[in-house]
């Protein structure tokens, strides 16, 4: 068990000891259970989407079956202590003759993460201070920077009523991957450049080498309006930057080693399973919030990220052969996300949206680039469309990881429209359409257009607690991709809150 996990258990025991006023009659328990199921049929092109951890698409029709269990317990131990546990191991899926849990081997994720999405103790004080220890769901900048379960500590002070508005302060320090063990096991490649051989198999990746610290000031002038001003620091000492820049480095290898097909394949496999420790620090500054505009509501997030990173990558030398070198570069990136919700009628609403994340065409070298202009984040998630952004019925099922904006770090320029209709209490319809482009052109094709996407979702609740869903999505890929195709998905879903 990780050292931090031992400290967390000790802190939990101390918390129980601290609540000296508890008695058997004061303890209150609340139990909840959830079961989700998904059946889908996918067909796609190259499976290149904004988030590389998605299961992607294939060139053939691909059936997909999954269930998603969740059990939660909320215990009010006393007036000052609350303990919450949510056992949610991930999506148990069967596809391509393989059974996975949260995108990994079931035994690995149960052994290393214990299946808990949240396991935390919350302490309340009479002076308006709240302290939470353990693994907990957190979000920053409406998901542009972070939307995941982190393991650590959060503190909230307030809110304080000034007469004109409510003011509160929030700060947290977490391990962003949320793992309890000091490592995680994933499948990957290990390459020996001397022999030219690559072997695949389970690889242990160090955990708790990266951390994320954030502070946020929240102003609430009304119950329907808020402004959040924040700063955050993400420090990587384990390998997060290797993962998030992997698509960009693979593209660089395919272009730079085009005259050496054998070495190109080895370089791509090396990058696919690269577990060399990367290093780097990123500072984020920004603001997010919501504002009433006439009869509509504007939601926004603006973020600037700057820092420096160091990663390992393959280099072609005389022979020809490959060697591993370190690449260092400065990073400066920007991101913004806007949406405006307008109720046209009591049963119909419309939401235009726009998302921008900066990208870059710069290549890494042993000397490093002067500055890499791509927006990178420790665990971002923005659910604007169902295929490119991996939203839809199973948007909460997917695992999160560090990401670089766009495909191969080329950024995102996306605009679209969402229609939400409620025909009667039990039936809802959501329709989304978006144009998806890159901030910078592809190094392979020179194209900037990812494609056009249309999504349709139908939600029906025949009885309280049970919701049935139907999702159909179509993405017509653009010239950014080497072989553009039509990607589509048909999914049936069931969500049952017991």
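The values are calculated or read from the model by the stated rules, or taken from the named source; none is laboratory data. This one's a predicted model, so the numbers in the text were calculated from it and none came from an experiment. Here Cβ is always computed from backbone atoms with ideal geometry, including for glycine, and neighbour counts include all displayed protein chains.
The table for this structure:
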quantity	calculated
Residues of the range 227-245 satisfying the condition of being crowded, with 18+ Cβ neighbours inside 10 Å and within 29 Å of residue 291 (Cα to Cα)	228, 230, 232, 234
Residue ranges of strands (runs of 3 or more DSSP E) in the range 63-143 with at least 2 members crowded, with 19+ Cβ neighbours inside 10 Å and in contact (Cβ under 8 Å) with a residue 24 or more places away in the chain	81-87, 116-124, 129-140
Selection status of residue 286, in contact with a helix residue (DSSP H, G or I) (Cβ under 6 Å, 6 or more places away or on another chain) and modelled with pLDDT of 85 or more	yes
Filter pass, residue 310 being farther than 30 Å from residue 43 by Cβ, out of contact with any strand residue (DSSP E or B) (no Cβ under 7 Å at 6 or more places or on another chain) and either at pLDDT below 90 or part of a strand (DSSP E or B) (or both)	no
Long-range neighbours under 8 Å by Cβ, at least six apart or interchain, first residue surrounded by fewer than 15 Cβ atoms within 10 Å (Cβ to Cβ) within the range 291-316, second at pLDDT 80 or above and not in a strand (DSSP E or B)	292/224
Restricting the range 145-164 to residues that are in contact (Cβ under 8 Å) with a residue 24 or more places away in the chain and not in a strand (DSSP E or B), the residue that is nearest to residue 121 (Cα to Cα)	145
Test: residue in the range 169-184 that is part of a strand (DSSP E or B), without any contact (Cβ under 8 Å) to a residue 60 or more places away in the chain and buried (at least 21 other Cβ atoms within 10 Å of the Cβ)	yes
Unique match (being modelled with pLDDT of 90 or more and part of a loop (DSSP other than H, G, I, E, B)) among 361, 385	385
Filtered residues of the range 466-487 (kept if surrounded by fewer than 18 Cβ atoms within 10 Å (Cβ to Cβ), modelled with pLDDT under 90 and either out of contact with any strand residue (DSSP E or B) (no Cβ under 7 Å at 6 or more places or on another chain) or over 30 Å from residue 257 (Cβ atoms) (or both))	482, 483, 486
Residues (more than 19 Å from residue 475 (Cβ to Cβ) and surrounded by fewer than 18 Cβ atoms within 10 Å (Cβ to Cβ)) located in the range 421-442	421, 422, 423, 424, 425, 426, 427, 429, 441
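Residue-by-condition table, conditions (1) over 30 Å from residue 300 (Cβ atoms); (2) modelled with pLDDT under 70:
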{"site": "195", "(1), (2)": "yes, yes"}
{"site": "207", "(1), (2)": "yes, yes"}
{"site": "210", "(1), (2)": "no, no"}
{"site": "213", "(1), (2)": "no, no"}
{"site": "221", "(1), (2)": "no, no"}
{"site": "231", "(1), (2)": "no, no"}
{"site": "249", "(1), (2)": "yes, no"}
{"site": "262", "(1), (2)": "yes, yes"}
{"site": "267", "(1), (2)": "yes, no"}
